[in-house]
Structure formats: structure tokens, C-alpha cells
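The values are calculated or read from the model by the stated rules, or taken from the named source; none is laboratory data. Source: prediction; values computed, not measured. Every residue, glycine as well, gets a Cβ built from its backbone with ideal geometry; the counts of neighbours run over all protein chains shown. Areas reflect the complete protein model, heavy atoms only, side chains present, ligands, DNA and RNA absent. Shrake-Rupley method; radii C 1.70, N 1.55, O 1.52, S 1.80 Å.
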Amino acid sequence: NRISPSADLLAWDVFLVPLDRPTYIDPPSFDLKVAMDTAFEKRLDIQIANRALERERRNLAVAQNNSLPSLDLQVSGGVATTQRKHHNAYSALDPPEESFNIRAGLTLKFPLYFRAERANAARARYTLRSTELDLAKRRSDAILEIRRSIRNIISARERVLVNQESLSASETQLAQQKASLNLGASIARNLLDAQQRRADARLSLQQSLID
């Protein structure tokens, strides 16, 4: 509903204007690349998606490695001692014989058809692709939110400028109505309407500054 002007216009104006008036600050220049890099670094959901992608890449590497034949090298060694069956007094004259043995062997594992291993590798590739698409979607959502925020800030700034012009025009019209009323070329109703328009312009400007 439209507010009717009261008798005491000065007190009415003071009542509508907030005591702690917001101030207009020129916004800094927007760098979309810096904003995107900051969002990709700070956003928790993107960090979680990046870690999930790294985990799935490791899982795929393990699954692909398991689907290949494995060749294992086994090496063992030791010392063999032959103890003489003499009294301890003769051990210094007849020491035991010692020999060093080393054994080495290769083991080749070749699973039949690799069916299970190939299935695991295919599943790992599918999971990795799904994780990549999820990360790409989260990045796209972040870019969309950044662009929307920048657009809203620019729009709010333009609203402030428009409301400032509107307030200036309403004050000019009010001054003209006052002069016309003093000269008898206007009526009090026109003056009240001009005061109402100025109050609306002030209120719109304050709201745009708050936004």
C-alpha cells in the first residue's frame, strides 16, 4: 500500500532513513580467472572430488597391472657348516667347514584368460570416467555461480547509479513545485506528490545500497 504523507514531512523523512546509512564503494575490477582458481582451491566439494579422482587413477593403475602377467624373481642365500666330530680341544686344529649357498629363481604367473582381472580393469575405467565427469560438473557449477555473483554485483551497482539519478531528479522536481507553489502556479497536492516521489527515491536508493 502507498504510504500517505504525514503532516510533519521532516520527521517522516527522518523516520524512513536508517540511522546507520550504508555507503557506496566502487567495486574492484573482477578477474574471472583469479576467482575461478580461488574457488577451485578453496571449495570443499571440489577438493573432495580431486582427491577422489586421484584415488580412482591409482585404482585403475593397480587393476591394469593385475591384468598383466607377473614375473617374480626369488633369491635366497645362506651359510652351510659341516661340524667335525672331535673333542672341543681339537676344534682349533680342525675348524668346521663352511660354505655359502645362494639360490635364485623366476616365477611367471599367467592367469587363464584374465577374465576377472579384465573385468576389474573395465570397472576401474568406468569409475574413473564417472569421477572425472563429476569433477567437471562441480567445476562448471562453480564457474556458473561466480559468473552469476559478478553479474549480480554489477547489476546492484547499476541500480545504485540509477536510483541516485532518480533521487536527484525528484529533488529537482520538488524544488520546482515549491517555487511554483510560492508563485501561485501550483497547488499543495502537487507539492505533496513531489515530496512522496522524493521519499520513494530515497528509500529505493537506501535499499540498493544495502543490497
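Some points to look at:
- If you check Ile210, Ile146, Ile154 for being β-branched (Val, Ile, Thr) and open to solvent by less than 60 Å² (accessible area, probe 1.4 Å), only one passes: Ile146.
Every residue, every condition in (1) modelled with pLDDT under 55; (2) assigned to a strand (DSSP E or B), yes or no:
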site	(1), (2)
Ser4	yes, no
Ala11	yes, no
Pro27	no, no
Ala39	no, no
Asn59	no, no
Gln64	no, no
Leu73	no, yes
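- Candidate set: the stretch 41-52, residues that are surrounded by 16 or more Cβ atoms within 10 Å (Cβ to Cβ) and of a type in the set (A, V, I, L, M, F, W, C); chosen: the one nearest to Arg123 (Cα to Cα): Ala52
- Among residues of the stretch 162-178, those that are open to solvent by 60 Å² or more (accessible area, probe 1.4 Å) and under 39 Å from the mean Cα position of the chain (by Cα), counted: 3
- For beta carbons closer than 9 Å, sequence separation of 6+ or different chains, a first residue in the stretch 163-176 that is among the aliphatic types (A, V, I, L, M) and a second that is open to solvent by 50 Å² or more (accessible area, probe 1.4 Å) and in a helix (DSSP H, G or I), the qualifying pairs are Leu167/Arg202; Leu167/Ser204; Ala169/Arg197; Leu174/Arg197.
- Residue in the stretch 136-159 that is of a type outside the set (Asp, Glu), within 43 Å of the chain's Cα centre (by Cα), modelled with pLDDT of 80 or more and farther than 30 Å from Val34 by Cβ present: no
- Options Ala194, Ala136, Ala199: the member that is open to solvent by less than 60 Å² (accessible area, probe 1.4 Å) and without any contact (Cβ under 8 Å) to a residue 24 or more places away in the chain: Ala136
- Residue satisfying all of: in the stretch 192-206; within 48 Å of the chain's Cα centre (by Cα) and not polar (S, T, N, Q); nearest to Val160 (Cα to Cα) among these: Leu205
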